[in-house]
1. Scan region 65-98 for residues that are polar (S, T, N, Q) and over 22 Å from the mean Cα position of the chain (by Cα) and jot them down.
2. How many residues are among the aromatic types (F, W, Y) and free of Cβ contacts under 8 Å to residues at least 60 places away in the same chain if we restrict to region 71-88?
3. Tell me, please, whether a residue that is touching an Asp or Glu at 6+ places or on another chain (Cβ under 8 Å), under 25 Å from P454 (Cα atoms) and touching a residue at least 24 places away in the same chain (Cβ under 8 Å) can be found in region 391-403.
4. Just for region 29-45: of the residues that are small (G, A, S) and surrounded by 15 or more Cβ atoms within 10 Å (Cβ to Cβ), which one is farthest from H675 (Cα to Cα)?
5. Is region 578-586 home to any residue that is outside any loop (DSSP other than H, G, I, E, B), under 19 Å from L682 (Cβ atoms), in contact with a helix residue (DSSP H, G or I) (Cβ under 7 Å, 6 or more places away or on another chain) and touching a residue at least 40 places away in the same chain (Cβ under 8 Å)?
6. Considering each of A403, A377, A399 in turn, give the residue that is of a type outside the set (D, E), more than 21 Å from Y493 (Cβ to Cβ) and within 12 Å of the chain's Cα centre (by Cα).
7. Can you name the residue in region 220-254 that is on the phi > 0 side of the Ramachandran plot and assigned to a loop (DSSP other than H, G, I, E, B) and is also surrounded by the most Cβ atoms within 10 Å (Cβ to Cβ) among such residues?
8. Go through region 34-76 and report how many residues are among the charged types (D, E, K, R) and touching a Ser or Thr at 6+ places or on another chain (Cβ under 9 Å).
Amino acid sequence: MDRAKSMANASEFQSAKAIVERYLSLHADGSYTYRPFMKKGIYRRHDYRYHADLQQLLPSAKLGTFSYLWGTYEAADATTLRFALIPYGPVKIHVNGVLEAGSDIFSERYRSKQIFDLPMKKGNNELVLVCENTSGGFGCEFGTWVGKLDYYFLMPPIYPCMEGVCYSEPQETLLDSVNADALKALSWLPRLPDFSADKLDLTEVFPRASDDEWAVVTTSFTAPKPMWCNLRSNAELALDGQSVSGSVEVKSGSHSLTLFARIGETVQLSITDAKQGGCLSLTHPLLGLDCAYRFAIAGPFVVRPEGFTIQFTKPFSTSNGLDFWHLEGGDTYLRMYNDNALFGHWNYPLGVTLYGLVETERMFKDLDPELAVQIHAYLKRHLQISIDTYEYAMWDKDALGGATAVHHLMTSLDSLDDCGSFGSTLLEIAKDHDLTGYETLIEAVGVHISKTQPRLADGTFFRTGLMHEFHENTMWVDDLYMSVPFLCRYAAYLGSDEPLEDAARQFFGFAKYLYMQDQQLMSHVYDFDRNIATGIPWGRGNGWALFSLSELLLVLAQSHPKREALLALFRNLSSGCLRLQDEMGMFHQVLDMQESYQESSCTAMFACAFSRGVRNGWYEEGEPYRQGCIKACEGLKKMAIDSDGHVWGVCRGSEFSCSKHYYAEQLLPRLDDTHGIGIILLALCERMKLD
């Protein structure tokens, strides 16, 4: 960070404003991406990896032949892509025409996972896997190295802008070079429909529907000028929502067409210039001119669907149950993707970020009303679109293989990380923002945390049965934040004390395994496989613990029988942390390892907790903690916030280790990481409240 641009001489208000203005300028709005998706061939399954069992896909392939798997990956910058391969037989991996990795005899025999870091250039990258057909197997599973990491591949340009990986017909010999020109000469599967046809076969789209059932088909066209058009179809037509037939006058611009057709009748449709002749091209209403698919198709319906609404965010009821839009051909769908990492997403760092924003909005109502209005509008957009797409995401999971590109955490819910932080923030924001339909998500989060999340015999949360195998049979101090703030708000939402009892229970259970009495700090993780606590006082881990305890103390009744014990833990943790604050007011990545870097998110968490403790009289002697909060915020302004609104020095998301050096040397800070933006805003707000 350029120290000349630090906010050292600015107020907390000015510092928070700089962060918020930058964040909103970059992430204030967003939209979803739609792509064609073929549920046949090679696609992602419940484990988020692509499954290519070529013995099933190419049953007549001879032993000794080869098949090429071809996909592309778009990289924002030159980087490496962590890539898992589970081979069924020999596999070679080519990236941009260069052989980069491959299976070995051990992974082939045991079908065990190999992990490679594949080099990616900025822009489009060609990924080609060459699979050999052997008596031991043919094909592989590949893609993300850990479950729920939602990266995906796109088909090469010979396919119309869709997700997935295509595969070649069996080849007797290998290509001399694995480049795009050579690959294009092969015959590729799965087959695409005939886009040149002037008719639509609905029986191909709905092969199990009866001929007298109905479908709704929508498409669009563009009139280059005001004109008369001849519309010809054997289906009932609506132009821009109005029933039409024959010749109609249209304005220049884009127009929507909706057709109501019997599934047994092949749909015919043409639009011609009534005066000059010539056909107007049909385009898909969402996919546009660059995509060969032209129609979005809903059905089947037992009777003609009256009042059917054309919308692309939620599934709809059909005679087969809930469904979404189909495209031409069999097993082909319109699919929704969220390619905007910081808008409309649901994950725990964003949950903290939005919590910081809503508290800043409340502080700014008097200090900067205009910016407060902007924050309010942004929060409502982000939260409402997250709510509105949940039903689609759950349908997508059930219908399209299990790996979703919208709400991928809530659809693969198996941990507190997936739901608690964002669920807590959703309840917090719902207090004073007009959100509709959020109750379904809150119910899902509440059921998981209260009834589904694995627990020890004493009721303490721990991690097991996860898609992320590395976390198996562990307890993380992080999970205090992933559960307790939600439980505190869930108690008020339900009007029940039981979630608060559960929240209090967690602190005693976690302390039993993670609290280090001699240091008055929390170990990051307890490993039940080895029956050891890692013994590392990770900064943000202790921040999660102390901040979450402050959340509970804010709402726990003064007369609660466990309150005094919880206050004692709060004071002990505060004391253990405060003694490790450095001269600049910062706390370090490993709290008792001063040579580790100054870490911003834990510094902000301690500042928040100290302020709450002072303001609410939780300390026997509050002045040291008042000064600790002040020093921490001064340190953040000097070391972590610049005049452009950047946030510096925030540790990225972690795994765990029994070595301090992992945290100090491998878990390095990232610029504008969402693990820190929100909590720093909360700290600045707490500092203002402290005055």
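The values are calculated or read from the model by the stated rules, or taken from the named source; none is laboratory data. Being a predicted model, the structure only gives us computed values, none of them experimental. Glycine also receives a Cβ, built like all others from the backbone with ideal geometry; neighbour counts cover every protein chain displayed.
1. The first filter runs over region 65-98 and keeps only residues polar (S, T, N, Q), leaving 65, 67, 72, 79-80, 96.
Within region 65-98, T65, S67, N96 qualify.
2. First, pick out the residues of region 71-88 that are among the aromatic types (F, W, Y): 73, 83, 88.
With the extra rule that they be free of Cβ contacts under 8 Å to residues at least 60 places away in the same chain, the set shrinks to 88.
So the count comes out to 1.
3. If we filter region 391-403 for residues that are touching an Asp or Glu at 6+ places or on another chain (Cβ under 8 Å), which is where we start, we get 395, 399, 402-403.
Those still in the list that are under 25 Å from P454 (Cα atoms) too: 402-403.
With touching a residue at least 24 places away in the same chain (Cβ under 8 Å) added as a condition, the list becomes 402-403.
Yes, the conditions are met somewhere in region 391-403.
4. Quick first cut of region 29-45, residues small (G, A, S) only: 30-31, 41.
Now drop any that are not surrounded by 15 or more Cβ atoms within 10 Å (Cβ to Cβ), which leaves 30, 41.
Numbers: G30: 21, G41: 38 Å.
So the residue we want is G41.
5. Looking for residues that are outside any loop (DSSP other than H, G, I, E, B), under 19 Å from L682 (Cβ atoms), in contact with a helix residue (DSSP H, G or I) (Cβ under 7 Å, 6 or more places away or on another chain) and touching a residue at least 40 places away in the same chain (Cβ under 8 Å), one finds at least one in region 578-586, hence yes.
6. Numbers: A377 fails: within 12 Å of the chain's Cα centre (by Cα); A399 fails: within 12 Å of the chain's Cα centre (by Cα).
That would be A403, the only listed residue that is of a type outside the set (D, E), more than 21 Å from Y493 (Cβ to Cβ) and within 12 Å of the chain's Cα centre (by Cα).
7. As a first pass, look at region 220-254 and keep what is on the phi > 0 side of the Ramachandran plot: 240-241, 246, 253.
When the remaining residues are screened for being assigned to a loop (DSSP other than H, G, I, E, B), the result is 240-241.
Details: D240: 14, G241: 8.
Within region 220-254, the match that is surrounded by the most Cβ atoms within 10 Å (Cβ to Cβ) is D240.
8. Step one: of region 34-76, the residues among the charged types (D, E, K, R) are 35, 39-40, 44-45, 47, 49, 53, 62, 74.
Retained after the next criterion (residues that are touching a Ser or Thr at 6+ places or on another chain (Cβ under 9 Å)): 39-40, 44, 47, 49.
Adding up the residues that qualify gives 5.
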